[in-house]
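Below is one structure; the comments refer to it alone.
The values are calculated or read from the model by the stated rules, or taken from the named source; none is laboratory data. Computed from a prediction, not measured in an experiment: that's the story for all the values here. Positions of Cβ are backbone-derived with ideal geometry, glycine not excepted, and every protein chain shown enters the neighbour counts.
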Amino acid sequence: MPDKHKVFIQKNTFTSTQKNIEINVLRLDVMSAIISGNKFFKLQLPIATALAEGYGTVATFGGAYSNHIVATAGYCKLKGLKSIGFIRGEEPAIWSKTMKDAQELGMEFRFVTRAVYKDKAAIQKTWQHEQYYWVNEGGYGKLGAEGVKDMYEWIDESYTHIMCALGTGTMMAGLIKGALPHQKVIGISVLKGHGTLQDQVKGLLTESEKLKQYYLVQGYHFGGYAKHPERLINWMNKLYEHQQLPSDIVYTSKLFFAVEDLLQKGYFEAGSKIMVIHSGGLQGNSSLAEGVLQF
Ligand SMILES: *Cc1c(COP(=O)(O)O)cnc(C)c1O
């Protein structure tokens, strides 16, 4: 079970000599390795809804290394629900650690070709006789974003900036929902083409929430989603060595790199107090060969 009591704030993680700027990291990664970081917050209301409405099975979508897939499997098991994962691509000859973990947590898989996977609505229609409670890919949705507001349990009004990584944009939308008028929410995209990301975030906000201060920052994708060139790996090892901060190759390493880079470029005004969300996802590093990371 994810344990909120383990969450802590890692103080003064990135230090700037020029200015009076404080950067702290909200360590949500320590709550659970399975229902990790932001996935706990995003799943809590959808799963509660499935239970309240009497569903017995939750179905969702993801890739073979998806944090969302294994988190959904773990959360459903915890609540006595069955779970089905619609996995992108043909069944691989060798299953990823993520899939093995999800299977051990009771998840059943249906493998769908990349072409079919693109049309989620069609998949849902094909399976509608099964009465599944559907959770969007990556947990995208308003219920997910509502649950993310709980992160403000650790973020008080003294913070001027809240920073997070963006996949579907649900976590960022939740952080915007919970932000006070003077707080800026900064999302770092880990996708190459930002395409519909801005719209995805907006789609989860009310008209008044859209007027809040939030910024989407591009250019820190390191080649694209889940791409992890050597200079990213080196950065991750350095970050761990100097600041005892473990990160994952898909989201948080790129977020932390952006924080450091923006800090050095003078992006933040003097007096800023910044909370960076460590949204978990360390299990995603299991796709790397052993020894590549020093943690
Ligand atoms: C899923 C995930 C994200 C992306 O969250 P969205 O709400 O989809 O934007 C960020 N960080 C980690 C570690 C994740 O697992």
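The sole residue among K125, K177 that is farther than 30 Å from H228 by Cα, without any contact (Cβ under 8 Å) to a residue 24 or more places away in the chain and more than 12 Å from the ligand (Cβ to nearest atom) is K125.
Evaluate region 143-155: report whether one residue or more is touching a residue at least 60 places away in the same chain (Cβ under 8 Å), in contact with a Leu (Cβ under 7 Å, 6 or more places away or on another chain) and at positive phi. No, there is no match, as no residue in region 143-155 is touching a residue at least 60 places away in the same chain (Cβ under 8 Å), in contact with a Leu (Cβ under 7 Å, 6 or more places away or on another chain) and at positive phi.
All conditions in (1) more than 30 Å from F222 (Cβ to Cβ); (2) hydroxyl-bearing (S, T, Y); (3) within 16 Å of the ligand (Cβ to nearest atom) hold for T196, with the sole exception of (1). In region 104-116, is there at least one residue being within 16 Å of the ligand (Cβ to nearest atom) and at pLDDT 95 or above? No, region 104-116 has no match at all. The strands (runs of 3 or more DSSP E) located wholly in region 126-229 that include 3 or more residues which are in contact with a His (Cβ under 9 Å, 6 or more places away or on another chain) and surrounded by 15 or more Cβ atoms within 10 Å (Cβ to Cβ) occupy 184-189.
Sort out which residues of region 129-141 are out of contact with any strand residue (DSSP E or B) (no Cβ under 6 Å at 6 or more places or on another chain) and within 12 Å of the ligand (Cβ to nearest atom), and write them in order of number. The answer is N136, G138, G139, Y140, G141. Only a single item in (1) in a strand (DSSP E or B); (2) under 17 Å from H278 (Cα atoms) is not met by E108, and it is number (2).
Do we have any residue at all in region 75-93 that's at pLDDT 95 or above and closer than 15 Å to F41 by Cβ? Looking through region 75-93, at least one residue is at pLDDT 95 or above and closer than 15 Å to F41 by Cβ.
What number of residues within region 242-295 are charged (D, E, K, R), in a helix (DSSP H, G or I) and more than 11 Å from the ligand (Cβ to nearest atom)?
Initial filter on region 242-295 (charged (D, E, K, R)): 248, 254, 260-261, 265, 269, 273, 290.
Adding the requirement that they be in a helix (DSSP H, G or I) leaves 254, 260-261.
Now drop any that are not more than 11 Å from the ligand (Cβ to nearest atom), which leaves 260-261.
Looking only at that region, the number is 2.
Being touching a Phe, Trp or Tyr at 6+ places or on another chain (Cβ under 8 Å), of a type outside the set (V, I, T) and under 26 Å from I162 (Cα atoms) holds for only one residue in F40, F8, and it is F40.
Can you work out which of the residues in region 46-71 that are among the aliphatic types (A, V, I, L, M) and surrounded by fewer than 20 Cβ atoms within 10 Å (Cβ to Cβ) is nearest to the ligand (Cβ to nearest atom)?
In the first step, residues of region 46-71 are kept if they are among the aliphatic types (A, V, I, L, M); the result is 47-48, 50-52, 58-59, 64, 69-71.
Pick out the ones that are also surrounded by fewer than 20 Cβ atoms within 10 Å (Cβ to Cβ) and you get 48, 51-52.
Values: A48: 18, L51: 22, A52: 23 Å.
Top of the filtered list is A48.
Among the residues of region 245-258, is any of a type in the set (D, E) and surrounded by fewer than 17 Cβ atoms within 10 Å (Cβ to Cβ)? No: zero hits.
Is it the case that region 161-169 has a residue that's away from the ligand (no atom under 13 Å from the Cβ), touching a residue at least 12 places away in the same chain (Cβ under 8 Å) and under 17 Å from the mean Cα position of the chain (by Cα)? So that I can check it myself, show each step before the final result.
Pass one, region 161-169, residues away from the ligand (no atom under 13 Å from the Cβ): 161-162.
Applying the additional criterion that residues be touching a residue at least 12 places away in the same chain (Cβ under 8 Å) yields 161-162.
From what's left, under 17 Å from the mean Cα position of the chain (by Cα): 162.
Yes; the residues of region 161-169 include at least one that is away from the ligand (no atom under 13 Å from the Cβ), touching a residue at least 12 places away in the same chain (Cβ under 8 Å) and under 17 Å from the mean Cα position of the chain (by Cα).
State all residues of region 13-51 that are assigned to a strand (DSSP E or B) and of a type in the set (D, E); if no residue qualifies, say none.
E22
Only residues that are of a type outside the set (A, V, I, L, M, F, W, C) and either buried (at least 24 other Cβ atoms within 10 Å of the Cβ) or free of Cβ contacts under 8 Å to residues at least 24 places away in the same chain (or both) were counted across region 72-82, and they come to 4. Which pairs do you get when a residue that is touching a residue at least 12 places away in the same chain (Cβ under 8 Å), found in region 35-64, comes within reach of a residue that is of a type in the set (D, E) and within 16 Å of the ligand (Cβ to nearest atom), reach meaning Cβ atoms under 8 angstrom, with the pair 6+ apart or on two chains? Taking only residues 6 or more apart or on different chains, the pairs are S36/D29; G37/D29; F41/D150; Q44/D150; L45/E146; T60/E137; F61/E137; G62/E137. Contact annotation: residue pairs with Cβ atoms under 9 Å, 6 or more positions apart or on different chains, pairing a residue in region 128-142 that is among the aliphatic types (A, V, I, L, M) with a partner that is more than 16 Å from the ligand (Cβ to nearest atom) and not in a helix (DSSP H, G or I), are V135/V58; V135/A59.
Annotation: of all residues in region 22-33 being modelled with pLDDT of 95 or more and of a type in the set (A, V, I, L, M, F, W, C), the one that is farthest from the ligand (Cβ to nearest atom) is I23.
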